[in-house]
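Encoded as structure tokens, the structure appears first; notes follow it.
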Amino acid sequence: MTTSPPSASDSSGPAARSFDLLHPVVQRWIWRQGWNELRDIQDDAVPLLIAPGPDVLVMAATAAGKTEAAFLPILSAAAFARDGAGPPGGFEAMYIGPLKALINDQFRRLDGLCEMAGVPVVRWHGDVDAGRKQAARRHPEGLLLITPESLEALFIRGGLDIPRLFNGLRHVVIDELHAFIGTERGMHLQSLLTRLEAALNRRVPRVGLSATIGDAGLAADCLRPGDGAGVARLTSTADGREIRLQVRTYRDATEETAPDAEALIADHLFKTLRGRHNLVFAGARQTVESYADKLRVLSERLGVPEEFFPHHGSLARGLREQVEARLRDGSLPTTAICTTTLELGIDIGDVESVAQIGPPRSIAGLRQRLGRSGRRAGKPAILRIYTAGPDAGEKTPLVDRLQLPTIQAIAAVRLLLQGWCEPPGPAALHLSTLTHQVLALIAERGGIRPQAAHRLLCVEGPFRKVAAGTFAALLRRLGHPSVRLIEQAPTAELMLGERGERLVSHYSFYAVFQTPEEYRVVTGRKTLGQLPLDRPVAPEMMIIFAGRRWIVAEVRAAERVLEVVPAPGGRPPAFNGGEAGPMHDRLAREMFTVLSGNDIPAFLDAGARDALLAGREIFTRYDVARCSMLPGDKGMILLPWLGSIRRNTLLLALDAEGIRGTGDGVALDLRADPGDVLKALCRIADAPPPDPLILAQRIGNKIQNKFDHLLDDDLLAVDAAAARLETTALPGIARNLVQALSGSPGGGAARHPD
DNA sequence: GACCTGCTGCGGTCTG
């Protein structure tokens, strides 16, 4: 902010002053757009970004002008530099985006402005041809738009060239920052930024562009690990949209001939969404295909043009782009049925409403999805959540009669309305990504001493939860004769071994995530997309893919090709999709609150209201609030109302006590006599919290991330214990359950058993 | 415990 007070004659508000700070060519560009004034976040961002200053977090809904908030001042500064002594050597600003498609969108958006400002703009990702990249490397200048993986490639292929390329860098802009929070890729990005600043030997101001999330502190910490408090936060106040929400529950019919819940939901989607632009989030690819098929059949039956199309990561790029283009173009009514592919900010224009199939597990994801609709001024954001409710008859298992899918949807909406959002797993070490960064750092520098690597990655960089001893064990492992990726020179410097060189020099190394092997699905000469190799397929089988039915004609295993021909009709295979992934404790607790309350939310349809009342009836009749259990088929259902991490920790602790069972959502299905469960819980309650490293031995599938296979059992156990277990609360949780199960006096009031 | 994201340098073939 300016230090001199405005003069007495200056009657203009702050908006005019921000505008005045911009370079005249940028001002001219703004006039040409026909803008009367800057948006609030743009206005706030200009004085902070017109010269290198603090880190800045810009939080606003999609289409609120975040990109311009960052680039109007940043490109003004670049234009001013050209008025003076000329641009400094190297790129002046770097934009990092998570998707190639997003980089292409932003390139189109910024191209005109950059051209007017006389600032070159360079796209750099895997689809950009090598010639352009080489030219940019020879004469680095202006604005660089790049992916994290391509930036890693720059470091590994020419680490010593980094200071020359980024000598004049004034800002780093990170788009869709919220998508990086708490993920392997987010750790990678943070590590790259640390390495960049280390190579330049100075701090470079960071600008984070993020969707509105409940806790801005999370995004700030992600932008500048260790100093989130020092990040200037700009939040758009112009986001007062009307929100219309509904939870709708459909019941599977009891008679064989009647339609099932999925058919009823498809009917409602067809009737409600037809003729407009909508997104339907269906959770799993197979569910997407199943609904796309049902809606296509409904269109054909009525003899109307198709307007419902599938969109997911296994579909060929061309098919996906056709759907995106239809949505963006806007002239033909279009509904995309998708997984998470259309959650991020690829430009798809205005969407009238959003539907969610099945109860959401992630509130952050739900908020992101809701933000896709109602972006035009004066239009509400519309979200419908569809759940299937089992029959409430006496033959249905008790736990199903609690109507947990509907309860979960209601709880999720309540948390959404409260503005809550999941924080990242606080304890995870991310050893796979740390392994990647150790190898990448050695490649970048040619060699580095262990202490320097530790300081850069685990003290200054993002791997701060990794103890010095664990880091040393990781290095020993990478140098072990059976692994031999790194070796140590007599000067103590770490170097890449021959195998390490080979691993790092292959292009598949740059990303910190891996993709499973897949079949290519082909019909005639057209590629429809990919299917995972582990999916059982055989000739004559029927599959649904790209919204249509096919018969597998040939499986060419050696070529990884699946040849299919159109199927005339018949009954498609049944899918059981639904949203998976971790559930936070808070959502599980909110489900308890919903069941033990009396109020009927206004956002329920008749089916959801019936399901809520039916669930509460069982909840009350069996006194679940007090005793935390229901009788099960083969033993008992334990309801501790915990999120995935604590629930799984309890399950493993019970397993260690000889009680076998499985977890299903918030419920533990235990194959044991209630008396034995009580005894086991007593032992857990009376003992100190178990050693997470010992409990982690019971986790079967510890290899999950790209470089986990390089680690030994001990390191895998340390990693799994940190990320997937939480043992400190275990005795207390067990104690409450013991009290509940043994029917303690005075425990009749409904309260969460925490 | 589902889904999504990313990629270099070089040699071969085709087109104008």
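The values are calculated or read from the model by the stated rules, or taken from the named source; none is laboratory data. In this text the structure is predicted, and so the values were computed from the model without any measurement. Every residue, glycine as well, gets a Cβ built from its backbone with ideal geometry; the counts of neighbours run over all protein chains shown.
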Restricting the search to the range A:513-550, which residues are small (Gly, Ala, Ser) and out of contact with any strand residue (DSSP E or B) (no Cβ under 9 Å at 6 or more places or on another chain)? none
Going by the conditions given, is residue A:344 within 16 Å of DNA strand B (Cβ to nearest atom) and either small (Gly, Ala, Ser) or assigned to a strand (DSSP E or B) (or both)? no
Looking only at the range A:664-688, count every residue that is surrounded by fewer than 17 Cβ atoms within 10 Å (Cβ to Cβ) and within 19 Å of residue A:585 (Cβ to Cβ) and tell me the total. 1
Could you list, in sequence order, all residues of the range A:54-79 that are at pLDDT 95 or above and surrounded by fewer than 19 Cβ atoms within 10 Å (Cβ to Cβ)? A:54
Taking into account only those residues within the range A:429-446 that are modelled with pLDDT of 95 or more and part of a loop (DSSP other than H, G, I, E, B), which is surrounded by the fewest Cβ atoms within 10 Å (Cβ to Cβ)? A:429
Filter result for residue A:649 (touching a Lys or Arg at 6+ places or on another chain (Cβ under 9 Å), over 24 Å from residue A:418 (Cα atoms) and not small (Gly, Ala, Ser)): yes
Take residue A:407 and decide whether it is among the β-branched types (Val, Ile, Thr), more than 30 Å from residue A:727 (Cα to Cα), surrounded by 20 or more Cβ atoms within 10 Å (Cβ to Cβ) and touching a residue at least 60 places away in the same chain (Cβ under 8 Å). no
Name the one entry in A:482, A:505 that is more than 16 Å from DNA strand B (Cβ to nearest atom) and either free of Cβ contacts under 8 Å to residues at least 60 places away in the same chain or farther than 30 Å from residue A:213 by Cβ (or both). A:482
Answer yes or no: is there a residue in the range A:89-110 that is crowded, with 17+ Cβ neighbours inside 10 Å, among the small types (Gly, Ala, Ser), within 16 Å of DNA strand B (Cβ to nearest atom) and part of a helix (DSSP H, G or I). yes
Flag for residue A:168 being within 30 Å of residue A:218 (Cα to Cα), assigned to a loop (DSSP other than H, G, I, E, B) and within 17 Å of the chain's Cα centre (by Cα): no
Out of A:667, A:722, A:672, A:653, which single residue is farther than 23 Å from residue A:738 by Cβ and touching a helix residue (DSSP H, G or I) at 6+ places or on another chain (Cβ under 9 Å)? A:722
Cross-chain or 6+ apart pairs with Cβ under 6 Å, the range A:639-661 first and within 23 Å of residue A:402 (Cβ to Cβ), then among the basic types (Lys, Arg) and at pLDDT 95 or above: A:641/A:589
Would you check if residue A:313 is buried (at least 17 other Cβ atoms within 10 Å of the Cβ), within 12 Å of DNA strand B (Cβ to nearest atom) and assigned to a loop (DSSP other than H, G, I, E, B)? no
